[in-house]
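Engineer: This is the structure, below, for whatever I ask next.
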Amino acid sequence: MWFWRARERFSMEELIYLNDQLQRAAVVTDSNKDYLVETIRSMAELLIWGDQHDPTFFDFFMEKQVMATFVRILKANRKSPTVAVQLLQTLSIMIQNIRSEHAIYYLFSNEYINHLITFPYDFRHEELLAYYIIFLRTISMKLDRNTVSFFIKTDNEEVVSFPLYTEAIKLFHHEESMVRIAVRTITLSVYNVDDESIRMFVTNPAVVHYFSELVIFLRKQSYALDALVAEVSKLPDSGHMQGRLEGAVAEIGDLLYYCNDIINSGVPALKSIMTKHIMNVLVLPLLLPSLRPVDKHAIIPSDKHISTLTSLYLLLRLLHIVHYKALVNSIGASLLRTDHSVTPDHKQLQHPECSSDQKDEAGDFGREAEAGSESDNSATVLSSSEALDGRTTLLSYLLCNDDKLVMASLCLSVSFLQNEALDESLLDALGILPRRKRHKKLLLQQLIGDNSDKHLDRLFSPSLERSHDDFMSDHWENHLGHELLSGSTTLKHRSQMLEALIKLVCRRPPPHAEVLWQAGWLLRQLLPYQEHKISDAHMSLLNNVYSSAQQEFSLELTACWSDIIPAVITEEWKICRKALDVPVLKKDASFVLMPSSHTADGENSSLTSSIHIGERMRASVKVLMVLYQIRVLLVEGTLPEMPPLMELPDEARVQPQILSTAVGTEVDIVAVNDAMPCKVSFERGKERQVHLVVVSGGISGSLLLIEGIAFKQNRGVIRVTAPLAGSDPRVDEKHATWLHLRVRSPHQPLADVGKLHSPKTSLKNKQLADGRWTLAFADADSCLHACLSIQNHVANQRHAVSLIVSPFLDLNSETHQ
């Protein structure tokens, strides 16, 4: 009797059976569709298994020309996306997982893959497009100088067809981000193939348009980003809108990194191509003209202008990502030019956020700059007839009240300064060449003995000796003129930048913390103490603003968070010290585009709440720390690791009578001095007999309510605690036996308070109301005694805090002029 015997799963017999099923499947119908899809999937599993265990599996695959069968099935079933999806998925898995070089070469041979690439798929089916782009990306990962020949057609050793590349770039601006990202991966794989014919093909006139279209797409994304910034500013509390903005920022960043990868790819010609397109399509016609604020009554096409803030962000992002010398220098040189493409109208230079006084100052950089040992009255005032370049426009934003514009302008200067590709002569012309490099340049000038600067500029910019070329090249200096790069002009620009930074740091009310940190870091680069002491006029400005900051800080010593001020100073000292040492240029600086946190300043309850007072205290400490450190750095040059806080004298170090104030701790009531009996009710109709105890020592202090323990005479347990600071004891006006105490929020002010974009959690904390205790005493004298006792402890606590922070309250404690 014969019995049917099942085939082994991973066997040649099973592979032969699957191939027979494929050969019989001429047309896909609803009845056999699922079976055929499963057959294709199973065959891929066997081939991958055979690649690792039995090479004869793939020999059979080649002998039976299964790839040809795949192509035949696809062509015979054009209207069935299910089969196409499975074929693409199967081949992607095979190409990705098969290790045998011989097998990979077979899969790529005989034009089978090219047929699958150029097949007219119906991409209205989203799943089909997704598997198609994955298929192309998988192939691209296997490209090298040996495999690339399978995908191209040549004529006289010149590549005339490369479907993998040409079909991929058709999808570069697809609405799906996954597709766009895959196209970037595919194209970069092509550019990095070490083959001269491929390099020539991608710059062929038939396909080179891709790079201009890429930058045009980047420009369109810039418009979209600007529109989202405007929408989010109108709906700052919309999480959906902010999420869209974050997505747009990420897309811009990806595109810029992609452009940088193209520039740094293995195709040298792409460097100049991308530089030309970025300058001529994005920077010159859009970003630089957009630095000029637009008159609200002016009619400007929407495709010619974006907001100043967005333009600044895109420029600094570009400089942060791209480090190609020709492009970076072209951007820097463009800022210095005064032609109409980049020059704003002098009358409309100022941003709407600039006050009238600041507008006057914007055209008067350097009026108060002292010549000292650095110049011969070179910090001249710009006359109204002089053309204003992009550099002067950026300087004007440093005097605006809009801290986002100020921060973006500062970040752009930092991006220039940190981009090692930027020529030092351009840095000098922009007025931001670090002092140590400028000192080196002046020393060389003395050694050369030529005051004309001509030979010296050639030392710093060897390209001056090269032949002329168009503006989008390494020869940027040919288009600026010697006068703009001369020592007298650069010295004037430097003085203007110093003056603007000093005025920014001394602005009242003070800017946000990041702005002060960034400005302080730039000041350190331009004016280090070792080589040039800060002028008396500038130090006077710093002393005046520091005195104002001291007055605001002094108010916090009597507020409800006075006890934590020394700890906050220590924390902010470290943060500020690091920020002044290393610029706080975030990875993408996108926080300048995000909506600022809004506080309910119009509500009295919010203004008097401990959360609001705590944030005000933290912001005040931030300002005091950065001004203190800037003054020290500019005069002495170094900062200690820890803040110069005073040690409390021994007489102020009072040992608290209760060592543990944790809730639930059992204490001896009799042993506690001045335990004041009273009643309290935390629930309606339920009064408790407790003892009020004030525990303080140095800058710490707590209020305790101790409840007696039944059957334990003179023993009690701590039921509730509250901070001594901010308790604000007050006898009720109508009931002389009632004492009111405030209990501040348990949430301490966050370190991000005072920054441009505070975390969302702080908004929730602001809605918390302060706690209240109302204690009832036996008589008015006992109530008054309790009130005076708490006030005395609070006064001692504040005195201890004042002693510790006293170095920051003495104007001359840290500088010796």
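The values are calculated or read from the model by the stated rules, or taken from the named source; none is laboratory data. None of the values given here were measured: they were computed from a predicted structure. Glycine gets a Cβ as well: all are built from the backbone with ideal geometry, and neighbour counts include every protein chain shown.
Engineer: Does at least one position in the stretch 403-418 carry a residue that is in the same structural domain as residue 324 (by TED's automatic domain parsing), under 21 Å from the mean Cα position of the chain (by Cα), surrounded by 23 or more Cβ atoms within 10 Å (Cβ to Cβ) and not in a helix (DSSP H, G or I)?
Structural biologist: No - not one qualifying residue is present in the stretch 403-418.
Engineer: Could you give every pair whose Cβ atoms fall below 6 Å, whose first residue belongs to the stretch 673-686 and is surrounded by 14 or more Cβ atoms within 10 Å (Cβ to Cβ), and whose second residue is acidic (Asp, Glu), counting only separations of at least 6 or pairs across chains?
Structural biologist: Taking only residues 6 or more apart or on different chains, the pairs are 679/687.
Engineer: Condition test on residue 246, is it farther than 23 Å from residue 126 by Cα and under 23 Å from the mean Cα position of the chain (by Cα)?
Structural biologist: Details: farther than 23 Å from residue 126 by Cα: yes; under 23 Å from the mean Cα position of the chain (by Cα): yes.
So residue 246 fits the description; yes.
Engineer: Any residue at all in the stretch 200-210 that's closer than 18 Å to residue 281 by Cα, not charged (D, E, K, R) and not in a loop (DSSP other than H, G, I, E, B)?
Structural biologist: yes
Engineer: Tell me, which residue of the stretch 433-452 that is surrounded by fewer than 21 Cβ atoms within 10 Å (Cβ to Cβ) and not in a helix (DSSP H, G or I) is modelled with the lowest pLDDT?
Structural biologist: Within the stretch 433-452, the match that is modelled with the lowest pLDDT is 452.
Engineer: Any residue at all in the stretch 622-643 that's touching a Leu at 6+ places or on another chain (Cβ under 7 Å), in a loop (DSSP other than H, G, I, E, B) and not charged (D, E, K, R)?
Structural biologist: Looking for residues that are touching a Leu at 6+ places or on another chain (Cβ under 7 Å), in a loop (DSSP other than H, G, I, E, B) and not charged (D, E, K, R), one finds at least one in the stretch 622-643, hence yes.
Engineer: Another question, then. Can you confirm whether the stretch 24-43 contains a residue that is touching a Lys or Arg at 6+ places or on another chain (Cβ under 8 Å) and either at pLDDT 85 or above or under 26 Å from residue 99 (Cα atoms) (or both)? So that I can check it myself, show each step before the final result.
Structural biologist: Going through the stretch 24-43, the residues touching a Lys or Arg at 6+ places or on another chain (Cβ under 8 Å) turn out to be none.
There is no residue in the stretch 24-43 that is touching a Lys or Arg at 6+ places or on another chain (Cβ under 8 Å) and either at pLDDT 85 or above or under 26 Å from residue 99 (Cα atoms) (or both).
Engineer: Quick check on my filter: what residues within the stretch 552-578 are surrounded by fewer than 18 Cβ atoms within 10 Å (Cβ to Cβ) and hydroxyl-bearing (Ser, Thr, Tyr)?
Structural biologist: 554, 558, 570
Engineer: Can you tell me which residues in the stretch 69-79 are more than 17 Å from residue 98 (Cβ to Cβ) and either in contact with a Gly (Cβ under 8 Å, 6 or more places away or on another chain) or part of a helix (DSSP H, G or I) (or both)?
Structural biologist: In the first step, residues of the stretch 69-79 are kept if they are more than 17 Å from residue 98 (Cβ to Cβ); the result is 69, 71-79.
Scanning the stretch 69-79 gives 69, 71, 72, 73, 74, 75, 76.
Engineer: Continuing with this model, one more query. What is the residue count in the stretch 86-107 for residues that are part of a helix (DSSP H, G or I), of a type outside the set (A, V, I, L, M) and under 21 Å from residue 56 (Cβ atoms)? Explain how you work it out, then say what you get.
Structural biologist: Taking the stretch 86-107 as the starting set, the residues that turn out to be part of a helix (DSSP H, G or I) are 86-97, 101-107.
Now narrow it down to the ones that are of a type outside the set (A, V, I, L, M): 86, 89-90, 92, 96-97, 101-102, 105-106.
Restricting the remaining residues to those that are under 21 Å from residue 56 (Cβ atoms) gives 90, 97, 101-102, 105-106.
Final tally of qualifying residues: 6.
Engineer: Within the stretch 698-722, which residues are part of a strand (DSSP E or B) and either crowded, with 19+ Cβ neighbours inside 10 Å or of a type in the set (A, V, I, L, M, F, W, C) (or both)?
Structural biologist: Going through the stretch 698-722, the residues part of a strand (DSSP E or B) turn out to be 700-709, 712-722.
Within the stretch 698-722, 701, 702, 703, 704, 705, 706, 709, 716, 717, 718, 720, 722 qualify.
Here's the yes/no breakdown for (1) surrounded by fewer than 20 Cβ atoms within 10 Å (Cβ to Cβ); (2) in contact with a Gly (Cβ under 6 Å, 6 or more places away or on another chain); (3) outside the structural domain of residue 409 (by TED's automatic domain parsing):
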residue	(1), (2), (3)
226	no, no, yes
229	no, no, yes
237	yes, no, yes
241	yes, no, yes
246	yes, no, yes
254	yes, no, yes
272	yes, no, yes
287	no, no, yes
291	no, yes, yes
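Engineer: For the stretch 14-68, which residues satisfy the criterion of being basic (Lys, Arg) and assigned to a helix (DSSP H, G or I)? Quick ask: steps written out before the conclusion?
Structural biologist: Start the filter on the stretch 14-68 by keeping residues that are basic (Lys, Arg), which leaves 24, 33, 41, 64.
Those that are basic (Lys, Arg) and assigned to a helix (DSSP H, G or I): 24, 33, 41.
Engineer: Looking at the stretch 300-318, can you tell me whether even one residue there is modelled with pLDDT under 70, touching a Pro at 6+ places or on another chain (Cβ under 6 Å) and under 28 Å from residue 227 (Cβ atoms)?
Structural biologist: Our first condition is that a residue be modelled with pLDDT under 70; within the stretch 300-318, this holds for 300-303.
Adding the requirement that they be touching a Pro at 6+ places or on another chain (Cβ under 6 Å) leaves none.
No; the residues of the stretch 300-318 include none that is modelled with pLDDT under 70, touching a Pro at 6+ places or on another chain (Cβ under 6 Å) and under 28 Å from residue 227 (Cβ atoms).
Engineer: On to the next question. Going by the structure shown, is residue 719 in contact with a strand residue (DSSP E or B) (Cβ under 9 Å, 6 or more places away or on another chain), at pLDDT below 95 and under 30 Å from residue 236 (Cα atoms)?
Structural biologist: Working: in contact with a strand residue (DSSP E or B) (Cβ under 9 Å, 6 or more places away or on another chain): yes; at pLDDT below 95: yes; under 30 Å from residue 236 (Cα atoms): no.
No, not satisfied.
Engineer: In the stretch 638-648, is there at least one residue being surrounded by 11 or more Cβ atoms within 10 Å (Cβ to Cβ), within 42 Å of the chain's Cα centre (by Cα) and closer than 22 Å to residue 538 by Cβ?
Structural biologist: yes
Engineer: Tell me yes or no: at least one residue of the stretch 754-770 is at pLDDT below 65, buried (at least 17 other Cβ atoms within 10 Å of the Cβ), in contact with a helix residue (DSSP H, G or I) (Cβ under 7 Å, 6 or more places away or on another chain) and not in a helix (DSSP H, G or I). So that I can check it myself, show each step before the final result.
Structural biologist: Restricting attention to the stretch 754-770, the residues satisfying the condition of being at pLDDT below 65 are 754, 757-767.
Filter again for buried (at least 17 other Cβ atoms within 10 Å of the Cβ), leaving 754, 757-758, 762, 765-766.
Pick out the ones that are also in contact with a helix residue (DSSP H, G or I) (Cβ under 7 Å, 6 or more places away or on another chain) and you get 754, 757, 765-766.
Narrowing further to those that are not in a helix (DSSP H, G or I): 754, 757.
The answer is yes; a qualifying residue exists.
Engineer: When you check residue 665 against the structure, is it of a type in the set (Ser, Thr, Tyr), over 21 Å from residue 560 (Cβ atoms) and either surrounded by fewer than 12 Cβ atoms within 10 Å (Cβ to Cβ) or in contact with a helix residue (DSSP H, G or I) (Cβ under 9 Å, 6 or more places away or on another chain) (or both), yes or no? If you could, list the steps in order and put the result at the bottom.
Structural biologist: Working: of a type in the set (Ser, Thr, Tyr): yes; over 21 Å from residue 560 (Cβ atoms): yes; either surrounded by fewer than 12 Cβ atoms within 10 Å (Cβ to Cβ) or in contact with a helix residue (DSSP H, G or I) (Cβ under 9 Å, 6 or more places away or on another chain) (or both): no.
No, not satisfied.
Engineer: What are the residue pairs meeting all of these: first residue in the stretch 9-21, first residue touching a residue at least 12 places away in the same chain (Cβ under 8 Å), second residue exposed (fewer than 14 other Cβ atoms within 10 Å of the Cβ) and part of a loop (DSSP other than H, G, I, E, B), Cβ atoms under 7 Å, and 6 or more apart or on different chains?
Structural biologist: Qualifying pairs under 7 Å: 14/7; 14/8.
Engineer: Identify all residues within the stretch 148-175 that are hydrophobic (A, V, I, L, M, F, W, C) and not in a helix (DSSP H, G or I); write none if there are none.
Structural biologist: The first filter runs over the stretch 148-175 and keeps only residues hydrophobic (A, V, I, L, M, F, W, C), leaving 148, 150-152, 159-160, 162, 164, 168-169, 171-172.
The answer is 152, 159, 160, 162, 171, 172.
Engineer: Right, here's the next one. Quick check: is even one residue across the stretch 111-124 outside any helix (DSSP H, G or I), of a type in the set (Phe, Trp, Tyr) and over 27 Å from residue 60 (Cβ atoms)? Full working, then the answer.
Structural biologist: So in the stretch 111-124, the residues outside any helix (DSSP H, G or I) come out as 111, 119-124.
From what is left, the residues that are of a type in the set (Phe, Trp, Tyr) are 119, 121, 123.
Checking which are over 27 Å from residue 60 (Cβ atoms) leaves us with 121, 123.
Yes.
Engineer: Given the criterion modelled with pLDDT under 90, under 32 Å from the mean Cα position of the chain (by Cα) and surrounded by fewer than 16 Cβ atoms within 10 Å (Cβ to Cβ), identify the matching residue among 538, 598.
Structural biologist: None of the other options fit; the residue is 598.
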